[in-house]
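Where a number appears in this text, it was derived from the coordinates with a stated rule and is not lab data. Predicted model, so just to flag it, every value in this text is computed and none were measured. In this analysis, Cβ positions are derived from the backbone assuming ideal geometry, glycine residues included, and neighbour counts consider all displayed protein chains.
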Amino acid sequence: MEVRHLFLLREIAVRGTLAAVAEATHRTPSAVSQQLRTAERELGVKLVEPVSRGLRLTAEGLLLAESADEVGRVLAEVEARLESRLGQAGGEVSIGTLPSAGEALLPHLIMRLRGSAITVDVRDFDLAEEAFASETLDHDLVIAHSLSGDVPSGAAQLVCRVLAREPLDVALPAGHPLASKETLVPGDLVGTTWIAVPRGFPFDSVLLAVEAVIGEHLTRRMRLVDNRLVESMVAVGEGLALLPRFTTRPHPGTVLRPLSGVNAERSIVALARPDHYARRAVRTVADLLADVGAELMLPSRTA
């Protein structure tokens, strides 16, 4: 049994199709199919079966796919013990991050890593909450967020570390009637228009909760993902918006107000597959990110 075959089955289980596995691993579909056939021949069992227009893992294939994290974790722990004998943790740690959380955390992380043997490679993306978990196949750590709890949807089988809890504030034009209030509650928002996020993105759950309290629909004027663009739309009076407190620098002509009466706080978390997290360098980076997050939550930073 080859470890690479276990990892291939894990890829198929998460990504769903051979074409998706091929694209993610920079191979041709025929090369992936050939590796799968080799695995079936060497193991002596069928690992996939046709379903609809694609493939799914057999019971035996699923058993092996679920073992990939465990086997990878053991190998990574052996490597970590070797690193401990040789000295400080080192190597590259790949990080995929939500842009707004990355902006708050990563500059401080980079400064703390200077002089160490660890380097980081960073890619940013903004996704629906349940999509962050699959990115852990391609990154050692994924910085994600959730408003439904400390474990984002779909991440129950992953290592999940809470890095920070960040309030979401209401951004509104300085001349808006609600700007005179120090704190907003759902009842204040009756009849308001919003620059919202796409459906399925965590921030949208706040507006849904407000609607449940006030018993009426809030108008979404636009659905955008870039916070800087959102701020500019608020500044010209296109609507109100929810923005993260740690990194929002109000656009001229806008103000931020806290929202109470519904959950308007997100958990910023680091997600990792157990085999990735077993690497000493990955754990070191996660520890440093948690330290940065704790500092962001100090009263002087969140007031």
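Okay, here's what the table says:
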| item | result |
| --- | --- |
| Kirkwood-Stokes translational diffusion coefficient of the chain, alpha-carbon pairs, 10 °C, 1.306 mPa s, µm²/s | 74 µm²/s |
| Theoretical FRET efficiency, 1/(1+(r/R0)^6), r = Cβ-Cβ of Met111 and Leu75, R0 25 Å, to 0.05 | 0.20 |
| Most to least packed among 208-217, 104-113, 278-287 [average Cβ atoms within 10 Å] | 278-287, 104-113, 208-217 |
| Between segment 132-149 and segment 166-216, the Cα center-to-center distance that results, in Å | 26 Å |
| Taking the chain and dividing mean pair separation by its residue count, relative contact order in percent (alpha carbons under 8 Å, at least six apart) | 24 percent |
| Segment Glu2-Ala31, extension gain: residue separation times 0.36 nm, minus the distance between their alpha carbons | 8.8 nm |
| Normalised convex hull volume, segment 96-229, alpha-carbon set, Å³ per residue | 139 Å³ |
| Computed helical MRE - 222 nm, the chain, DSSP H runs ≥ 4 contributing -39500 (n - 2.57), nearest 500 | -12500 deg cm²/dmol |
| Size of segment 154-300 as Cα extents on the principal axes (Å, biggest first) | 53, 31, 26 |
| Sorted peptide list for 18-24, 178-184, criterion being average Cβ within 10 angstrom, highest first | 18-24, 178-184 |
| Rg in Å to one decimal, and Dmax rounded to a whole Å, for segment 3-67 via C-alpha atoms | 10.6, 29 |
| Simple label model, 7 Å out from Cα along Cβ direction - Glu42 to Asp291, nm | 4.2 nm |
| Contact order relative to length of segment 137-296, as percent, for alpha carbon pairs under 8 angstrom and 6 or more apart | 45 percent |
| Top of Gly90, Gly61, Gly175 by mean-square fluctuation, Gaussian network on the chain, Cα under 10 Å | Gly175 |
| Cut-off under 5 Å, modelled amide H: who pairs with Thr58 long-range | Val48, Glu49 |
| Segment Ser260-Asp126, length gained on full extension (0.36 nm per residue, minus Cα span) | 45.7 nm |
| Candidates Glu103, Glu60, Glu265: whichever shows maximal mean-square fluctuation once the chain is modelled as a Gaussian network with Cα springs under 10 Å | Glu60 |
| Rough spin-label spacing in nm, given labels placed 7 Å along Cα→Cβ, for Thr183 and Glu216 | 2.5 nm |
| Residues Ser267, Ser116, Ser153 arranged by fewest to most Cβ contacts within 10 Å | Ser116, Ser153, Ser267 |
| Where labels lie 7 Å past Cα in the beta-carbon direction, separation of Ala59 and Arg199 in nm | 3.8 nm |
